[in-house]
1. Looking for whichever is farther than 17 Å from Asn31 by Cβ and modelled with pLDDT of 95 or more here; the options are Leu77, Leu82. Which one fits?
2. Within the stretch 51-63, can one find any residue that is surrounded by 10 or more Cβ atoms within 10 Å (Cβ to Cβ), touching a Lys or Arg at 6+ places or on another chain (Cβ under 9 Å) and of a type outside the set (Val, Ile, Thr)?
3. From the list Gly26, Gly4, Gly45, Gly73, which residue is more than 15 Å from Glu104 (Cα to Cα) and within 14 Å of the chain's Cα centre (by Cα)?
4. Limited to the stretch 64-94, what total is found for residues that are surrounded by 14 or more Cβ atoms within 10 Å (Cβ to Cβ) and of a type in the set (Lys, Arg)?
5. Looking only at the stretch 18-58, filter to residues that are charged (D, E, K, R) and not in a loop (DSSP other than H, G, I, E, B); which one of those is nearest to Val70 (Cα to Cα)?
6. Report, ordered by the first and then the second residue, all pairs with beta carbons closer than 8 Å, sequence separation of six or more or different chains, a first member in the stretch 56-83 that is under 10 Å from Val103 (Cα atoms), and a second member that is in a helix (DSSP H, G or I).
7. Go through the stretch 6-50 residue by residue and tally those that are free of Cβ contacts under 8 Å to residues at least 24 places away in the same chain, surrounded by 13 or more Cβ atoms within 10 Å (Cβ to Cβ) and of a type in the set (Gly, Ala, Ser).
8. Determine whether Ser111 is under 20 Å from Asn31 (Cα atoms), of a type in the set (Gly, Ala, Ser) and either modelled with pLDDT of 90 or more or not in a strand (DSSP E or B) (or both).
Amino acid sequence: MAKGFNKVVLMGNLTRDPEMRTTPNGQSVTNFTLAVNRTWKGADGQNQESVSYIDCVAWGKPGEIITQYVSKGRALLVSGRLDQRSWEDKESGGKRSKIEVIVEDFNFVDSQGGGGGGDYSSPARSSSSNQPAAEPNVEDIDDKPIDLSEIPF
């Protein structure tokens, strides 16, 4: 049997501030919703636009970082996998289900999230640092010409 593939990459804006909770066993979990816009030209030649609202879940350190640095309206790039949850609705007695993105990696898109940008890859996926990377200060870069004799190769 063929192995399945479940990967999603989304870029959107948070519709509300992330909500972080802690499970009874001490694991942190953060929930947020991304508004993902899509624009296309219709048959009449006019620009059309639609918005999809996608629920996302970030477990552990990634969720803690998102909660700390991102707020409502900020852009965020996430990648992860789709997951379906099912439960019994206590009010109606019926079965309910929901598909959401389990965040594995993310990247701050605008300069106000994460102190000027940066990215995070979950430790299981990458050995990169868990801290957001700071952007270089442009004033610290010399404008002197490069002396090719100083290059060791």
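1. From the options Leu77, Leu82, the qualifying one is Leu77.
2. Checking the stretch 51-63: at least one residue is surrounded by 10 or more Cβ atoms within 10 Å (Cβ to Cβ), touching a Lys or Arg at 6+ places or on another chain (Cβ under 9 Å) and of a type outside the set (Val, Ile, Thr).
3. None of the others qualify; the one that does is Gly73.
4. The total comes to 1.
5. Glu19
6. Val57/Gly63; Ala58/Ile66
7. Residues that pass the stated criteria total 1.
8. Against the criterion (under 20 Å from Asn31 (Cα atoms), of a type in the set (Gly, Ala, Ser) and either modelled with pLDDT of 90 or more or not in a strand (DSSP E or B) (or both)), Ser111 does not qualify.
The values are calculated or read from the model by the stated rules, or taken from the named source; none is laboratory data. All values derive from a computational prediction rather than experimental measurement. Cβ atoms come from the backbone with ideal geometry, glycine included; neighbour counts cover every protein chain shown.
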